[in-house]
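> One structure follows; several queries about it will come next.
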Amino acid sequence: MNVADKVVYQIYPKSFQDSNGGGWGDLNGIRNRLDYLADLGVDFLWLTPFFPSPQRDNGYDVADYRAVDPRFGTMEDLEALIAEAAAHGIGLMFDMVFNHTSTAHEWFQKALKGDEKYMKYYIFREGAPDAPPTNWQSKFGGSAWKYVPELGKWYLHLFDVTQADLNWENPEVREELKAILRFWKEKGIKGFRFDVVNLISKGDFVDDAEGDGRRFYTDGPHVHEYLKELVHDSGIEGMVTVGEMSSTTIANCIRYTNPHEHELSMTFSFHHLKADYKNGDKWSLMAPDIHKLKEIFASWQEGMAAGGGWNAVFWCNHDQPRIVSRFGDTDCYWKESAKMLAAAIHLMRGTPYIYQGEEIGMTNADFADIADYRDVESINYHGILRESGLSEVETMKVIEARSRDNGRTPMQWTAGESAGFTSGTPWLGVNRNHTSINVECEQQDTDSILAFYRELIALRKKHRIIAEGSIHFLARENDDVLAYERELAGEHLLVLCNFRPTDVPMPELPAVGAKAGEKLIGNYPGIKEMLRPYEVIALCYKV
Ligand code: TEU
C-alpha cells in the first residue's frame, strides 16, 4: 500500500472519549468522534492497546490478544467501530505488543506452574536467588530479571516486572503471533503498529560492562529474519505496518522498510526526541539543542531516502511530553510555535502521525504532586531520582518535564466539565487549560492550530511533491532555522521554519528564481531579511 500521501492519527483510547461515564475513554467514544476525525482528513487511526490487561502499563501488558477489555467495550463495539470507520474512509491500525506479554497472560501463568511447553514461550534462566543471569537493566528502572522461587529460575523483563519477554527463538511462539495477526486481519483492520519490535531477537545473555544491556538485544541477530517470516506467513504484507524501533540505526531502518526487504511499511525512530536529553539521559534536563535536532533530521531524512527506506514522521505519542511544551512555546507564541512544529515535519519525506490533542496544541499536564501521576515509569523514576539524592522539588521538576502522563491527560473537547471527555471521574486529571485549549473553540477559528493541521493534511493530498519528492537539507550550519527543499520532476518546494521565539536573519539560500511559484505557507523569502518568531515559509517554485 502506498503510504506516502497518507496521514495517521494516534488514539490513546483510555484518554480520548468516554461514552458511558466510567471515567475511561472507550471504543464507542471513538465511534462518536469519527465525524471529527474524517473532517480533519486523516486516513488511518492507530489505536493503542485496548485488549484485556491488568493495566500496569496501561495496556502494553497484554493478557489476551484476541479480546476487548470490558472497560473499553465489547467485541461488537469494536466490530461496529471498524465498520463505521470504513464508512468514513478511515482504516484502523491495532497495536501489537509482541516483545512481551503480561504475566497475567495464560501462557505465563502456565509457565509459572512449571509447564515446560509454556516456560519455553519466555526467557527463563537458571540461577541462585541473589544472582540475576546478567546485569541488564529494565527500561523502567531496576534489574531486567525477576526471580521465581517456585521454579528456581529468573525470567527476563525489559520493561515492567509484569511484562515478561517472549522467546522469539521458539517457533511455537512465532506461530502463535502469526495467528493473532490473521485473526485481526480477518476482522477487517487495515494495519498494525509493532511495539518495540526491534528488541525481539536477543543475542548473548552476558553482562554488559559498558551499559544497561541494550546493545545485546537491540536490532538483534535474527530480528530481520523474524520480521520477514511474521509478515509473510501471517499474510499482512501490503497492509500498513509501522515498527517502533528503540535506540535503532538508519542502516537497520532501511532494512526494516525498504520494500525489497518485505518487512514493514515504515519505522518510528526517536533520536530527534533526545535533543533535550542531557548526555542522552531522559531524566537529565537541558534546553533543546536545535542544531542537534536539525542534524538528526537531516541525517535520518537524507539517509533513509538514499537507502529506499521510509520514515514515520512525528513529534508526539503516548510516551512523550507534548511537543509545544517541549520545543515550542506555551506563552505568547503558543499558536505560532505549534503551527511551526507541525509544518516542520508534515512537509518532510515520510508518513506523518498526529497524536490526539496535538492538532489543537494541547500542552503538558499541570499536575502538582507525584500522587497526580499514574505512569509506572514516572512513579518508578520518582523513587530512583529521590534515592539518587535529588530533593522533591528537583525531582518533580524532572517528572513534570519528562513524564509520559504529559501526553495522556484526557482529550480536551470543550471548555466544560472534564473538557467534555467524561461525565464521570476521569482516570487521569484533565488539564485546567481546557477552558481555552479545546476542539470546540478551535473549530470556530479559521486561524486555529486545528485549522492549520487540516490545511497541512490537505496540502499533502494536493501536492505530490510533499508525498513523493526528494529531500535535501539547507543551511545546516544555521542554529535557528530548519531549512529543506523537496524536488519532484523539476518542481521545488522550499521549507523554512524558525525554531526561535525571536526574529532571526534569513539563512543563506539558493536562488529561488525571480518568478516565485505558489506560496503554500507564508510569504516569499526573496523580499525578506528576517524571519519572525516561529515563522514558517513553504514555497513551491520551478527553476
Ligand atoms: O515504548 C517503548 C519505549 O521505548 C518507551 O517506553 C520508551 O522507552 C520510554 O517511554 C521512554 O522513556 C513502548 C510503548 O510505546 C510504551 O507505552 C510501553 O510502555 C513500552 O513499549 C512497553 O510495552
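The values are calculated or read from the model by the stated rules, or taken from the named source; none is laboratory data. These numbers come from a predicted model, not from an experiment. Cβ: placed from backbone, ideal geometry, glycine included. Neighbour counts: every protein chain shown. Accessible surface areas use protein heavy atoms only, side chains included; no ligands, DNA or RNA. Shrake-Rupley method; radii C 1.70, N 1.55, O 1.52, S 1.80 Å.
> HN-Hα J couplings of region 361-373 from phi, Karplus 6.51/-1.76/1.60, θ = phi - 60°, integer Hz, Gly and Pro as x?
x, 4, 10, 4, 4, 10, 6, 10, 9, 4, 5, 7, 8
> Now, a different point. Measure nothing but the geometry: give the 0 to 90° angle between the long axis through the Cα atoms of 290-306 and the longest principal axis through the Cα atoms of the chain, rounded to 10°.
Helix 290-306 sits roughly 80 degrees off the main axis of the chain.
> State the Kirkwood hydrodynamic radius of region 218-302 in Å, one decimal place, computed from all pairs of distinct Cα atoms.
14.3
> Between ASP69 and residues 5 or more places away or on another chain, which pairs have amide H atoms under 5 Å apart, with H built 1.01 Å from N, and which residues are they?
PHE51
> Further question on the same structure: Tell me, what ³J(HN,Hα) does each residue in region 453-459 have, in order and in whole Hz, if you take phi through Karplus 6.51 cos²θ - 1.76 cosθ + 1.60 with θ = phi - 60° and put x for Gly and Pro?
Per-residue couplings from phi come out as 4, 4, 5, 4, 5, 5, 4 Hz.
> Let me ask another. Could you count how many Lys pairs in region 106-165 have their Cα atoms under 23 Å apart, skipping same-chain pairs fewer than 8 positions apart?
Summing the qualifying lysine pairs gives 10.
> Using a 1.4 Å probe, what is the accessible area per residue for the chain, in Å²?
Ligands and nucleic acids excluded, the figure is 37 Å² per residue.
> Now a separate question. Of the peptides 305-316, 63-74, how do they stack up when ordered by the mean number of other Cβ atoms within 10 Å, highest first?
305-316, 63-74
> Another question, if that's okay. Quick one: what does P(r) look like for region 129-195 with 5 Å bins over all Cα pairs, in whole %?
Bin by bin from 0 Å, the calculated values are 3, 15, 17, 17, 16, 13, 9, 6, 3, 1.
> Local charge sum around PRO505 (other residues, Cβ-Cβ under 14 Å, Lys/Arg +1, Asp/Glu -1)?
Net charge in that neighbourhood comes out at -4.
> I've got another one for you. Take the alpha-carbon positions of region 53-103, form their convex hull, and give its projected area averaged over all directions (one quarter of the hull surface) in nm².
Result: 3.8 nm².
> Taking the alpha-carbon distance from LYS187 and a cut-off under 20 Å, which lysines remain once sequence neighbours fewer than 8 residues away in the same chain are dropped?
Candidates past the 8-residue exclusion: LYS178.
> Given a Förster distance of 56 Å, report the FRET efficiency between ASP39 and GLU106 from their Cβ-Cβ distance, rounded to the nearest 0.05.
0.85
> Also, I was wondering about something else. Strictly greater than 21 Å: what percent of every Cα pair in region 93-159 meets that?
Summing the P(r) tail past 21 Å for region 93-159 gives 25 percent.
> Then there's this: Based on DSSP H runs of at least 4 residues, each adding -39500 (n - 2.57), what is the mean residue ellipticity at 222 nm of the chain after dividing by all its residues, to the nearest 500 deg cm²/dmol?
-8000 deg cm²/dmol
> Could I ask something else about it? Residues with amide H under 5 Å of TYR355's amide H, sequence separation 5 or more or different chain, H placed in the peptide plane at 1.01 Å from N; which?
So TYR355 has HN proximity to GLN10, CYS316.
> Can you tell me which of 49-60, 128-139 comes out highest on packing, and rank the rest after it, using the mean Cβ neighbours within 10 Å?
49-60, 128-139
> With a sphere of radius 12 Å drawn around the Cβ of SER423, what net charge do the other residues whose Cβ falls strictly inside it have (Lys, Arg +1; Asp, Glu -1)?
Charge balance near SER423 sits at -2.
> When the Kirkwood radius is taken over all Cα pairs of the chain, what Stokes-Einstein diffusion coefficient follows at 20 °C and 1.002 mPa s, in µm²/s?
Using the Kirkwood radius from Cα pairs, D works out to 89 µm²/s.
> Give the value in nm², to one decimal: projected area of the alpha carbon convex hull of region 1-119, averaged over all directions.
Seen from a random direction, the Cα hull of region 1-119 projects 8.7 nm² on average.
> Further, regarding this structure: Using amide H atoms built 1.01 Å from N in the peptide plane, name the residues 5+ places from PHE159, or on other chains, whose amide H lies under 5 Å from its own.
Those lying under 5 Å, H to H, from PHE159 are LYS139.
> Taking the Cα centroid of region 199-272 and of region 48-120, what is the distance between the two, rounded to the nearest whole Å?
Taking the Cα centre of region 48-120 as reference, the centre of region 199-272 is 22 Å away.
> Assuming 0.36 nm per residue, please report the length gained on full extension of the stretch GLU295 to THR446 beyond their Cα-Cα distance.
Gain on stretching GLU295 to THR446: 51.0 nm.
> Give me the net charge for the shell around GLU116: Cβ to Cβ below 13 angstrom, other residues only, Lys and Arg +1, Asp and Glu -1.
Net local charge, GLU116 excluded: +3.
> Can you compute 3J(HN,Hα) from phi for each residue in region 22-34, using the Karplus curve 6.51 cos²θ - 1.76 cosθ + 1.60 with θ = phi - 60°, rounded to whole Hz and x for Gly and Pro?
Per-residue couplings from phi come out as x, x, 10, x, 8, 5, 5, x, 5, 4, 5, 10, 5 Hz.
> Next question, about the same structure. By how many degrees, 0 to 90 and rounded to 10, does the Cα axis of helix 392-402 deviate from the longest principal axis of the chain?
Result, in degrees: 70.
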